[in-house]
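Have a look at the structure below before the remarks.
Coordinate-derived values only; no laboratory data. Since the structure is predicted, the reported quantities are computational estimates derived from the model, not experimental observations. Note that we place each Cβ from the backbone using ideal geometry, even for glycine, and neighbour counts take in every protein chain shown.
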Amino acid sequence: MTETVLVAYGSTNGSTVEIAECIGEILTKEGLSVDVRSASDVADLGRYDAVVLGGGLYAGRWQRDARRFARHHGKALAERRVWLFSSGPLDTSASTRDIPPAPGVRRIANRIAARGHITFGGRLEGDVKGRMARMIVNSGKGGDFRDFEQIAAWAVEVAQDLSSQSQSD
Ligand SMILES: Cc1cc2nc3c(=O)[nH]c(=O)nc-3n(C[C@H](O)[C@H](O)[C@H](O)COP(=O)(O)O)c2cc1C
């Protein structure tokens with residue numbers, strides 16, 4: 001049977017939304033049934049076999065909707081196959097090396113026995129929300145550091161892991 005996967009995201013400035021959409025497209029191409037939704041819009045995980053949950057990083061923590069989602073759905077997440085991602089660094093570091101999860105994200109990963117976590121580069125540019133965000137952009141330290149090849153490759157790995165697991169279930 002086709003596995004149904006939720007890709008849920010917590011995003012303030014929109015860049016994590018596009019990462020989630022890219023992951024959703026790849027999982028769909030790999031033959032999975034996929035919903036891509038804001039973490040704040042999901043009430044129930046009942047119909048999902050697996051979840052990919054991601055959040056933008058703000059001051060070393062996941063964006064609030066992703067944190068709340070992990071807290072609220074903790075039990076359901078622990079019963080499902082879950083992969084996590086963070087998006088943040090405003091430089092090329094995430095494309096060149098593994099960036100470990102922030103402490104709070106690591107605690108979530110441990111609590112729900114997540115199958116994996118990856119940090120992707122972030123984006124901050126244009127019309128951003130918040131004083132700090134505007135300061136970063138105005139000081140020339142913003143930009144788009146998302147690596148969509150890296151994101152797509154990771155999504156393919158998730159799809160492969162999911163299909164090998166479902167065959168052995
Ligand atoms: C106030 C502020 C704090 C941030 N803190 C971090 C951080 O602690 N670690 C990090 O890697 N990126 C940090 N960033 C960069 C964001 O995570 C990055 O812009 C990300 O792509 C935002 O995701 P979103 O557009 O989905 O909200 C910060 C950005 C802002 C504006």
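Pairs linking a residue in segment 1-14 that is within 17 Å of Glu25 (Cα to Cα) to a residue that is among the hydrophobic types (A, V, I, L, M, F, W, C) and part of a loop (DSSP other than H, G, I, E, B), with Cβ atoms under 7 Å and 6 or more positions apart or on different chains, are Thr2/Leu32; Glu3/Leu32; Val5/Leu32; Leu6/Val42; Leu6/Leu45; Ala8/Val42. Return the residue satisfying two criteria in turn: it lies in segment 54-80 and is within 12 Å of the chain's Cα centre (by Cα) and near the ligand (Cβ under 9 Å from one of its atoms), and of such residues it is surrounded by the most Cβ atoms within 10 Å (Cβ to Cβ). Residue satisfying both the conditions and the ranking: Gly55. Among the residues of segment 10-19, the one identified as more than 7 Å from the ligand (Cβ to nearest atom) and in contact with a Gly (Cβ under 6 Å, 6 or more places away or on another chain) is Gly10. Report yes if Leu84 is touching a His at 6+ places or on another chain (Cβ under 6 Å) and surrounded by 20 or more Cβ atoms within 10 Å (Cβ to Cβ), otherwise no. Yes.
Within segment 17-43, being assigned to a loop (DSSP other than H, G, I, E, B) and without any contact (Cβ under 8 Å) to a residue 24 or more places away in the chain holds for one residue alone: Ala43.
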